[in-house]
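The values are calculated or read from the model by the stated rules, or taken from the named source; none is laboratory data. Here the structure is a predicted model, which is why all the values come from computation and not from measurement. Ideal geometry is used to build each Cβ from the backbone, glycine not excepted, and the neighbour counts take in all protein chains shown.
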Amino acid sequence: MEYFLSFGLVMGLASGLSPGPLLTLVITESLQHGVKAGIKVALAPIISDAPIIIVMLLVVDQLSGFNALIGLLSLLGSGYVFYIAYDTLRHKPQAQQQNQGPSKSITKGVLANVLNPHPYVFWLAVGAPTIIKSISVSLFAPVVFLVGFYLPLVGSKVALAVLLGRHRELLSGRVYAYVMRFLAALLVVFAVLLLIEGVNLLTGLVAAEI
C-alpha cells in the first residue's frame, strides 16, 4: 500500500509540474481571469481523466491501432493549442477586460487535456499497469494510488493558480503584454511539438503498411 501511495505522489508531482499546454493554460487563465479561472483549469484532469483511464485499461493488452489514435490526437491537440496561443496573444490588458464575456476555463482545460496525447501514453504505459498490479494486492490499493497521484497533480496547479491570480495586479501595461506574448510563444512551441509527433506517428504507420 505504501508503495502505491508513494509512487502515485511522485508521479503526480512530476506530472503536475511538467511543462505542457495544461500548465501553461493554468498560468494564462490565472493572469487573465483570476484565481477561480486558474483553479477550474487545474481541476480539468479530475473531470476528464476517468474515460481516458477506462479506455487505457481496456486496450492495455490490445495495442493495435494505438499509434494511429495518438497520432490523430496529436494533430487535433496541436490545432487546439495553436488556437489557445492565438487567443492568449490577442487578449487585452487587465484594465480593458471589464466588458469581456466568461472565460470558459473548464471547457478550455478539459479540451486541452483530452486532446493532449500524453495522458493517454502515461495511463497506457504506467497508470493502467499500476492499477492492474495494485488490484492484486488490495481492493483499496488502486484508490490509494489514484488519490496519491491526483493530489499533487491538481494541487500543484491549484497552488500556482492561487499565487498568480492573487498577484496578477503586479503585471500591468507592457509587462502584462510581454508575459502574454511569452506564454503564447510557449504554447506555439507545444503545438509544433504535438504536430511533429502526430505527423511522425501517422507517416510511420503509412510507411509500415507500404
Checklist entry - Name the helices (runs of 4 or more DSSP H) wholly within segment 1-43 that hold at least 3 residues that are of a type in the set (S, T, N, Q) and either closer than 24 Å to Ser105 by Cβ or modelled with pLDDT of 90 or more (or both)? => result 21-33
Checklist entry - What number of residues within segment 29-60 satisfy the criterion of being out of contact with any Phe, Trp or Tyr (no Cβ under 9 Å at 6 or more places or on another chain) and buried (at least 22 other Cβ atoms within 10 Å of the Cβ)? => result 11
Checklist outcome for this item: When every residue in segment 85-105 that is outside any loop (DSSP other than H, G, I, E, B) and surrounded by 17 or more Cβ atoms within 10 Å (Cβ to Cβ) is compared, the one modelled with the lowest pLDDT is Gln94
Checklist entry - Among the residues of segment 127-135, is any assigned to a helix (DSSP H, G or I), in contact with a helix residue (DSSP H, G or I) (Cβ under 8 Å, 6 or more places away or on another chain), at pLDDT below 95 and under 22 Å from Gly109 (Cβ atoms)? => result yes
Next on the checklist: Please pick out the residue among Leu151, Leu194 that is at pLDDT 85 or above and in contact with a Pro (Cβ under 8 Å, 6 or more places away or on another chain).
Outcome noted: Leu194
Checklist entry - Being part of a helix (DSSP H, G or I), among the aromatic types (Phe, Trp, Tyr) and closer than 27 Å to Ser74 by Cβ, is that true of even one residue in segment 178-191? => result yes
Checklist outcome for this item: Quick count over segment 129-167, residues being of a type in the set (D, E, K, R), under 21 Å from Ala50 (Cα atoms) and touching a residue at least 40 places away in the same chain (Cβ under 8 Å), is 1
